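Please read the structure below before turning to the comments.
The values are calculated or read from the model by the stated rules, or taken from the named source; none is laboratory data. These figures come from a predicted structure and were not determined experimentally. Cβ: placed from backbone, ideal geometry, glycine included. Neighbour counts: every protein chain shown. For the accessible areas, the whole protein counts, side chains as well, though only heavy atoms, and no ligand, DNA or RNA atoms are used. Shrake-Rupley method; radii C 1.70, N 1.55, O 1.52, S 1.80 Å.
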Amino acid sequence: MLVGQAPGKVEAEGGVPFSGRAGGTLFRWLARAGLDEKSARELIYISAITRCFPGAHPSGRGDRVPTREEQSQCADWLEAELRIIQPAVIIPVGRLAIERFLPKLPLNELIGTRHAVDYIGGQGVAIPLPHPSGASSWIHQSGNAALVEKALQLIGSELAALRN
């Protein structure tokens, strides 16, 4: 199960998660984990912390981060999905999704690592990824690209084990 932040404008208009520019980056990453986009969309259930496009960021760069109230209003949807799907692997994408499952720590302490998680309805492992939108400079900071590669290797290994 992959959990993002919220639909972007392209996703809200077309109804397909991660179909915009950030999705292109995400699926290039997942290809390095051994899953082309078609396979990833067939094998991985894609969800989000919130269900609605939150609108553009006031700065004009990227999308606005959903408020805590917006996140709370949508929490029942994600909890129901977790109860029904009971994913063995959760891939939280971006800070908002990561903090839903893992402690609030710097990304360089979370990305590239595997975490046991309990969620409503089950247990699994979480392997976080940074948000692929490019709005954050985190991916370009020294050593962080290697952490993403390590995360992709972990994702590839976990998903391969599930398919066997």
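Only a single item in (1) over 21 Å from G34 (Cα atoms); (2) free of Cβ contacts under 8 Å to residues at least 12 places away in the same chain; (3) assigned to a helix (DSSP H, G or I); (4) not small (G, A, S) is not met by I139, and it is number (1).
Candidates G143, G156: the one that is at positive phi, out of contact with any Ser or Thr (no Cβ under 9 Å at 6 or more places or on another chain) and among the small types (G, A, S) is G143.
Only one of the numbered conditions (1) closer than 14 Å to V93 by Cβ; (2) free of Cβ contacts under 8 Å to residues at least 60 places away in the same chain is not met by R41, and that is (1).
Any chance you could count how many residues in segment 51-82 are of a type in the set (S, T, N, Q), open to solvent by 70 Å² or more (accessible area, probe 1.4 Å) and not in a loop (DSSP other than H, G, I, E, B)?
2
May I ask you to verify whether I90 is touching a strand residue (DSSP E or B) at 6+ places or on another chain (Cβ under 7 Å) and either touching a residue at least 60 places away in the same chain (Cβ under 8 Å) or open to solvent by 80 Å² or more (accessible area, probe 1.4 Å) (or both)? Steps first, please.
Values: touching a strand residue (DSSP E or B) at 6+ places or on another chain (Cβ under 7 Å): yes; either touching a residue at least 60 places away in the same chain (Cβ under 8 Å) or open to solvent by 80 Å² or more (accessible area, probe 1.4 Å) (or both): yes.
For I90, the condition - touching a strand residue (DSSP E or B) at 6+ places or on another chain (Cβ under 7 Å) and either touching a residue at least 60 places away in the same chain (Cβ under 8 Å) or open to solvent by 80 Å² or more (accessible area, probe 1.4 Å) (or both) - is met.
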